[in-house]
Amino acid sequence: MGEPVLEVDDLVKFYGDFKALDHVAFKLERGSIFGYLGQNGAGKTTTIRSILGLARPNGGRIRLFGIDPFKEPLRVFDHVGYSPELPTLQGFMTAYQLLDFTARQYGLTQQSRTTRIRELLELVGLLDHRDKKIGKYSKGMVQRLAIAQALVNDPDLVIMDEPTLGLDPAATVHFRDLFQNLIKDGKTLFISSHLLDEVQRLASHVAMIHRGHIVFQGSLNDVLSAFAGGSIIDIEVMNVSPTLVAALRNLPYVREVNVQGNRLAVHLTSDTDRRGELTTFLFQQGATILSFTHRNLRLEEAYLQVLRTGGVAPAS
Ligand SMILES: Nc1ncnc2c1ncn2[C@@H]1O[C@H](COP(=O)(O)OP(=O)(O)OP(=O)(O)O)[C@@H](O)[C@H]1O
Ligand SMILES: [Mg+2]
């Protein structure tokens, strides 16, 4: 991987007596899509606002393209685009006026502003709504516009706080493609989210924050392989009973069994394929198997395990 575009070390932030960030540290490599994961109130927005120089931490060190955001807050926006959580954009302006205003702040000439704004509105699917007042926009439209605004200055790093929140399924797919195209253009993306399926589709690297602590960081493959050998067997049986579940949990190669109705997600302790042994075992237990699938762990499952175990070191 390339050089870090962002380095965060030992970041501490208090709100009064409450410690919102407790020695947070991570790195962002150039060209990666970094998923910053955490529950509500974990500290994601506080981290982002600190990185951008919008909140003042009580300790730690941040370097963004080598810049210290507290010493030179304005220089940060030479390199970075930011789409905030729940964007509150000027409701009295139209989308065109807002992007034009933003582009002027970045010093774009009138000619390049016209081209760039058209390009951006097209990119986020708002060209037909360019002259509508933002106050009359829907939530998803505001979110799209906030992403367009974050791209006005053609930034090297785009930081987005929950960018796909409020987007409909078709828009989510559209933005997934857009984000991947940004990476092809050489940009780096920092995306905070608790939509784990979405992050799994997009991110190359993740960090998980829980109550102000980073509990895991590494590549997406690291996180998936650090748990249950990265594999799960989904079994649907006709007659789930507590005895059957307890017997499965007792097997030496089973780490955990999650039960939902008549579906069992059997987490294995290693990568070894246990399908043969498991079908024989279920047959001996008198279970009628309706379906049986071997698959990789989902990020959501790894995430819940990280929270239960209090974090693990990356596999490599
Ligand atoms: N301005 C503030 N004053 C006091 N406490 C705050 C302030 N901003 C955030 N906090 C607290 O700091 C903690 C972290 O908040 P933060 O907004 O960073 O969480 P988050 O991970 O972004 O959550 P969400 O997923 O809900 O957006 C929470 O407990 C929150 O109540
Ligand atoms: Mg937040």
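Return the residue satisfying two criteria in turn: it lies in the range 82-92 and is more than 16 Å from ligand 1 (Cβ to nearest atom) and out of contact with any Lys or Arg (no Cβ under 7 Å at 6 or more places or on another chain), and of such residues it is nearest to Ala148 (Cα to Cα). Among them, the one singled out is Leu89.
Cβ-Cβ contacts under 6 Å between residues 6 or more apart (or on different chains), taken from a first residue in the range 81-100 that is at pLDDT 80 or above and of a type in the set (S, T, N, Q) to a second residue that is within 16 Å of ligand 2 (Cβ to nearest atom) and part of a loop (DSSP other than H, G, I, E, B), are listed as Ser83/Pro163.
Scoring Asn40 on the criteria (1) surrounded by 13 or more Cβ atoms within 10 Å (Cβ to Cβ); (2) within 16 Å of ligand 1 (Cβ to nearest atom); (3) under 22 Å from Ile191 (Cβ atoms) leaves a single failure, condition (1). Residues that are away from ligand 2 (no atom under 16 Å from the Cβ), in a strand (DSSP E or B), charged (D, E, K, R) and within 26 Å of Gly186 (Cβ to Cβ): does the range 17-33 have at least one? Within the range 17-33, one or more residues are away from ligand 2 (no atom under 16 Å from the Cβ), in a strand (DSSP E or B), charged (D, E, K, R) and within 26 Å of Gly186 (Cβ to Cβ).
I need the full set of residues from the range 72-88 which are surrounded by fewer than 20 Cβ atoms within 10 Å (Cβ to Cβ), away from ligand 2 (no atom under 16 Å from the Cβ) and under 21 Å from Leu189 (Cβ atoms), in order please. Once the filter is applied, which keeps residues that are surrounded by fewer than 20 Cβ atoms within 10 Å (Cβ to Cβ), away from ligand 2 (no atom under 16 Å from the Cβ) and under 21 Å from Leu189 (Cβ atoms), the range 72-88 yields Arg75, Phe77, Asp78, His79. If you filter the range 212-248 down to residues that are in contact with a Lys or Arg (Cβ under 9 Å, 6 or more places away or on another chain) and within 16 Å of ligand 1 (Cβ to nearest atom), you find that the one that is modelled with the lowest pLDDT is Gln217.
The values are calculated or read from the model by the stated rules, or taken from the named source; none is laboratory data. These numbers were taken from a predicted model, which means no experiment stands behind them. Note: ideal-geometry Cβ built from the backbone for every residue, glycine included; neighbour counts use all protein chains shown.
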